[in-house]
Amino acid sequence: MAEIVSLAEAVERAIHDGDAVAMEGFTHLIPFAAGQEVIRQRRRDLTLIRMTPDLIYDQLIGAGCARKLIFSWGGNPGVGSLHRFRDAVEHSWPVPLEIEEHSHAGMANRYVAGASGIPFAVLRGYNGTDLYRHETLNGDSGPVPTIRPISCPFTGETLTAVSALRPDVAVIHAQRADRTGNVQLWGITGVQKEAVLASARSVVTVEEIVDELDPRPGAVVLPGWTVTFVARARGGAHPSYALGYSIRDNDYYVAWDAIARDRETFTRWLDEQVYVGRS
C-alpha cells in the first residue's frame, strides 16, 4: 500500500544510484518537481527512460545524473534542441551519455509489455527502418538487443519484437490522491499508468491529497496497492501544467533555450534554482 511522505523522502527511499528511472507525463503532468529533487539529491549513473525527453531530462542530464537515455523523441517543445542533452552526446559533458532510440509505438508497447508481465511486445512499426542496426550509439555491440525481427507463428509474416520495459522506478505527477494512496489523474494521459505498473517502485507527486476521490470523465485511477510513495507537490508539474490546477508556463520553455545553451549559464541556474538551500 502506498505511503504518503514528503517528496524528499520519497526520492531518497525510492531512487538509488544506478537505477533505471522512467519519468512520464505527456504535455501536462510532467513531474518536474520530482526530477529536480533527484538532481538536488545528486543521484548518479541513472538510466533515464521517457517517450518524449524534454526539459526535465535536459536538466537531469546536464546535472550529471544520467548514464544512459532510452527514448523515442527529444526536444524543447515549440522551441528547438535540448542543449544539455546534445552536449552530453556530442562532447560527453558533464559525463558521457549512451542513447537507445525507439519509435513512439515501440516505447509505448514496451511499457505495456512490462505492465502485463510478458517479455516482449510485437508490432510492425520497425520494418524498413535502421533502428535494428542503430539501436544504440554502439550499434550491435550492446549486451542485449531490444529490437529483433520475429516470424508470426500463424502467417510467417516478419514482424518486430521489442523487449519489455521494467524500470526500477516510475515517477509521475497527478492531480490528486486520497489518504490511502489511491491516485487519480485526468486530461491528456500518456503512459503513466503503464509505467507505474511496469516498475518495481513508484513515486507519484500530486497537487492535493483529499479525503475521497470523486468521479471524473476519462480519469485514470491507480489503486494504492500499485503505488509505493505519494508526495504532495503543489505545482509539481511546472513549467508544464496540471489540468484543472495550473496552466503551461510558455515563457519558461522559451527562456530555457538560452539557459541550457551555455554551460556556465546552466551551472549557475542549477546553483541558484535547484541546489540553493541544500548542502
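The values are calculated or read from the model by the stated rules, or taken from the named source; none is laboratory data. The structure displayed is predicted, hence computed values, not measured ones. Glycine gets a Cβ as well: all are built from the backbone with ideal geometry, and neighbour counts include every protein chain shown. Just so you know, the surface numbers come from the protein's heavy atoms only, side chains and all, with ligands and any DNA or RNA stripped out. Shrake-Rupley method; radii C 1.70, N 1.55, O 1.52, S 1.80 Å.
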Extreme residue, nearest to Glu90 (Cα to Cα), among residues of the stretch 255-279 that are part of a helix (DSSP H, G or I) and either small (Gly, Ala, Ser) or in contact with a strand residue (DSSP E or B) (Cβ under 9 Å, 6 or more places away or on another chain) (or both):
Ala260
When only residues in the stretch 220-231 that are in a strand (DSSP E or B) and without any contact (Cβ under 8 Å) to a residue 60 or more places away in the chain count, which is surrounded by the fewest Cβ atoms within 10 Å (Cβ to Cβ)?
Val220
How about the stretch 162-219: which strands (runs of 3 or more DSSP E) wholly inside it have at least 3 residues that are touching a residue at least 40 places away in the same chain (Cβ under 8 Å)?
169-178, 201-210
Quick check on my filter: what residues within the stretch 175-202 are open to solvent by 30 Å² or more (accessible area, probe 1.4 Å), touching a helix residue (DSSP H, G or I) at 6+ places or on another chain (Cβ under 6 Å) and among the β-branched types (Val, Ile, Thr)?
Thr180
Restricting the stretch 127-138 to residues that are farther than 16 Å from Ser72 by Cβ and surrounded by 11 or more Cβ atoms within 10 Å (Cβ to Cβ), the one modelled with the lowest pLDDT turns out to be Asn138
Sort out which residues of the stretch 250-279 are under 14 Å from Glu37 (Cα atoms), open to solvent by less than 90 Å² (accessible area, probe 1.4 Å) and of a type in the set (Ser, Thr, Tyr), and write them in order of number.
Tyr275
In the set Ile172, Ile247, the lone residue that is modelled with pLDDT of 95 or more and buried (at least 16 other Cβ atoms within 10 Å of the Cβ) is Ile172
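Residues checked against (1) within 23 Å of Phe229 (Cα to Cα); (2) in contact with a helix residue (DSSP H, G or I) (Cβ under 6 Å, 6 or more places away or on another chain):
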residue: Ala2; (1), (2): yes, yes
residue: Trp73; (1), (2): no, no
residue: Trp93; (1), (2): no, yes
residue: Met107; (1), (2): no, no
residue: Val112; (1), (2): yes, yes
Condition test on Met51, is it under 25 Å from Val227 (Cα atoms) and touching a Ser or Thr at 6+ places or on another chain (Cβ under 6 Å)?
yes
